[in-house]
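See structure below.
Every read-out reported here was derived from the displayed coordinates using simple, explicitly stated rules and does not represent laboratory data. Model, not experiment: these values are computed from the prediction. Here Cβ is always computed from backbone atoms with ideal geometry, including for glycine, and neighbour counts include all displayed protein chains.
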Amino acid sequence: MPLDQSPKDDPNSLFKHSLITAYYRREGRVIDPQDRLILDAGCGSGYKCLMLAEANPGAKIVGMDLSEKVSGDDSATGWRITGLIR
């Protein structure tokens, strides 16, 4: 998905990426995502990080990717770490 498209208009994806949904399915309880830390390893363009941020208001989202495509510079290591805090 391109970063210019907002995940806000996709309620099914927001539901699937919500920490509340996953926790409720496992524990049978609802939790508050406020101040939770979510790691997206292999985040690529960062679209899933954006989706996780929209689906989990107040959570801290950290995206990491190791790819030459991400860095845009073949001589660089390719590491990119992005943090979204809302």
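Candidates ALA53, SER13, TYR24 compared by Cα position along the dipole of the stretch 1-68: farthest toward the positive end lies TYR24, with charges placed on Cβ.
If packing is taken as the average count of other Cβ atoms within 10 Å, what order do 20-29, 43-52 fall into, highest mean first? Each step should come with its number before you reach the end.
Values: 20-29: 11.3, 43-52: 19.6.
Most protected by this proxy first, the peptides run 43-52, 20-29.
Net charge in the neighbourhood of LEU14 (other residues with Cβ under 9 Å of its Cβ; Lys, Arg +1, Asp, Glu -1) is 0. Count Lys and Arg as plus one, Asp and Glu as minus one, and take only other residues whose Cβ is under 11 Å from that of TYR23; the net charge is then +2.
Between ARG26 and LEU39, what length in nm is gained on full extension when 0.36 nm per residue of separation is reduced by their alpha carbon distance?
Values: separation 13, 0.36 × 13 = 4.68 nm, distance 1.88 nm.
Once the chain is fully extended between ARG26 and LEU39, it gains 2.8 nm.
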